[in-house]
1. About its Cα centre, how strong a charge dipole does segment 256-363 have in debye, to the nearest 20, once Lys and Arg get +1 and Asp and Glu get -1 at the Cβ?
2. Could you work out the per residue convex hull volume over the alpha carbons of segment 215-371, in cubic angstrom?
3. Report the rotationally averaged projected area of segment 295-430 based on its alpha-carbon convex hull, in square nanometres.
4. Place a label point 7 angstrom from the Cα of ASP372 along the Cα-to-Cβ direction, then list the residues of segment 344-360 whose backbone nitrogen is under 13 Å away.
5. Averaging the inverse of every distinct alpha carbon separation and then flipping it gives the Kirkwood radius. What is it for segment 210-293, in angstrom units?
6. So for the chain, taking the charge dipole from beta-carbon charges (+1 Lys/Arg, -1 Asp/Glu), which of ASN92, HIS330, THR178 sits furthest toward the positive end?
7. Below 8 Å, C-alpha to C-alpha, sequence gap of six or more: please give me the relative contact order for segment 295-433 in percent.
8. Per 0.36 nm of contour for each residue apart, how much would the distance between ARG365 and ALA427 grow if the chain were fully extended, relative to their Cα-Cα spacing?
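The values are calculated or read from the model by the stated rules, or taken from the named source; none is laboratory data. Quick caveat: nothing in here was measured; it's all calculated off a predicted structure. Note: ideal-geometry Cβ built from the backbone for every residue, glycine included; neighbour counts use all protein chains shown. Side chains included, ligands, DNA and RNA excluded: accessible areas come from the protein's heavy atoms. Shrake-Rupley method; radii C 1.70, N 1.55, O 1.52, S 1.80 Å.
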Amino acid sequence: MRISVIGCGYLGAVHAAAMASLGHEVVGIDVDEAKIEALRAGIAPFHEPGLPELLTEAGATGRLRFSSDIAAAAEATVHFIAVGTPQVRGSNAADLTYVDAALADLLPHLAPGDVVVGKSTVPVGTAARMQDVLAEGAPGAILAWNPEFLREGFAVKDSLTPDRIVVGLPRDADAAATAEAAMREVYADALATDTPLVLTDFATAELVKVAANAFLATKISFINAMAEIAEATDADVTQLADAIGFDARIGRRFLGAGVGFGGGCLPKDIRGFIARAEELGRAESVAFLKEVDAINLRRRQKVVDHVVDLLDGEPFGKKVAVLGLAFKPHSDDVRDSPALDVAVRLKGLGADVRATDPYAIPNARRLHPQLDFRESFDDTVADADVVVLVTEWDEYRYLDPGALGEVVAQRRVVDGRNSYDPAAWHAAGWTYRGLGRPQLGE
Ligand code: NAD
């Protein structure tokens with residue numbers, strides 16, 4: 001297939017490279033010239049494990065090209081729209097200006113029979129609206145909706161071997177048949193290995209994505225709510241999660257209590273869902289998502305409160321080593337990152353915050369240049385009054401509390417991801433604070 005991918009960010013760049021490696025002719029298009037320059041040179045513009053190798057491999061086949069000129073899409077017959085849908089400032093709603101602009105830019109380059117495939121996460125109803133725009137601006141072109149479920153950090157694997165493929169098709173039978181045939185050819189490899197394919201309507205396809213994210217966010221906030229109760233009762237939420245997780249109907253995954261979720265998807269997607277439900281007159285149906293969001297944000301403050309508590313209520317001028325800035329390990333993405341938020345809040349209290357991360361410092365610095373970033377771990381923790389784990393990169397998870405204790409000023413740790421063994425840290429002389437776990441020391 002000849003494919004264009006419009007928007008080469010965390011989703012689009014990986015999707016473009018994956019499609020080329022599966023044998024398609026792909027052009028990735030983005031308005032960000034610097035990103036396109038990097039991709040053309042085979043350099044991943046962000047940290048995603050396996051993407052550099054995939055770009056090199058796909059680039060060598062000659063099937064993967066990148067352009068900042070939308071006219072390059074004219075050669076393709078299937079066009080994925082993978083541009084951003086961030087939260088509107090000052091509102092819960094999703095900002096659709098990039099999706100609308102991408103479609104408007106694409107219209108003059110479409111031919112009858114071309115299939116435009118929405119991949120961005122959008123509020124339900126967007127595809128129907130876009131189909132009207134398409135009918136007016138590019139008669140004969142067809143819309144399909146194919147939400148993406150890749151996880152940053154595992155995006156290459158998830159793009160090459162998705163766990164399911166969902167496609168929303170138009171109501172018109174001929175258009176639906178053309179779109180379905182195109183999607184079956186695009187995903188032929190995955191379908192040959194029995195990857196589930198859900199063929200549905202536009203609204204269901206759009207809703208599947210936000211419902212999946214709402215469910216995952218709810219699961220995380222559920223266990224974080226239990227952490228709050230555990231804190232009031234000296235119970236241990238990690239044992240509670242293990243115990244309820246043995247029930248196959250519940251499952252242990254996504255039951256890690258801690259500083260909560262973040263990133264470019266979950267927070268803005270649940271807020272966008274709340275906003276859309278309000279427009280639909282169904283605010284009460286997802287009112288619980290407001291609580292999910294509130295629980296999540298409270299956990300960030302709880303980490304800050306632990307730090308302040310360990311500093312006897314006087315954070316001003318105290319050296320705080322913040323381990324992690326990315327919203328999760330294996331990514332350099334700091335959009336709505338709980339880790340970065342904790343660093344900023346502590347800095348706001350006057351603490352002498354030194355923050356580190358293996359990959360996310362450049363992105364974090366762009367958003368918060370006022371923070372003191374340290375490339376070196378040793379530099380970050382030297383003479384620290386408190387160490388705070390907020391992104392569970394392996395290099396921070398498996399620290400030796402004995403060795404670390406030799407270089408800090410005070411053996412005090414806040415484990416924002418419940419990653420450490422409290423007894424081991426306590427035995428090494430540390431005062432330990434986790435989330436929803438018994439506190440050890442002082
Ligand atoms: P991103 O911000 O990393 O990338 C978006 C890209 O689109 C940017 O490079 C931007 O320059 C480009 N762009 C904007 N307007 C354009 C235009 N008119 N023409 C061409 N390019 C344009 O965002 P992302 O994380 O890749 O997310 C993209 C969409 O995919 C969002 O709707 C998101 O919710 C969804 N999604 C993301 C993930 C993920 O893990 N990142 C997973 C599933 C779904």
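1. Values: 16 positive and 16 negative charges, 15 e Å.
Result for segment 256-363 is approximately 80 debye, rounded to the nearest 20.
2. Working: hull volume 21.1 nm³, N = 157.
Per-residue hull volume (Cα only) is 134 Å³.
3. Numbers: hull surface 29.0 nm².
The number I arrive at for segment 295-430 is 7.3 nm².
4. Under cut-off, by backbone N: 347-348, 350-356.
5. On the way: mean 1/r = 0.0733 Å⁻¹.
About 13.6 Å, per the Kirkwood formula over Cα pairs.
6. Among ASN92, HIS330, THR178, the one farthest towards the positive end of the dipole of the chain is ASN92.
7. Relative contact order comes out at 25 percent.
8. Working: separation 62, 0.36 × 62 = 22.32 nm, distance 3.62 nm.
Once the chain is fully extended between ARG365 and ALA427, it gains 18.7 nm.
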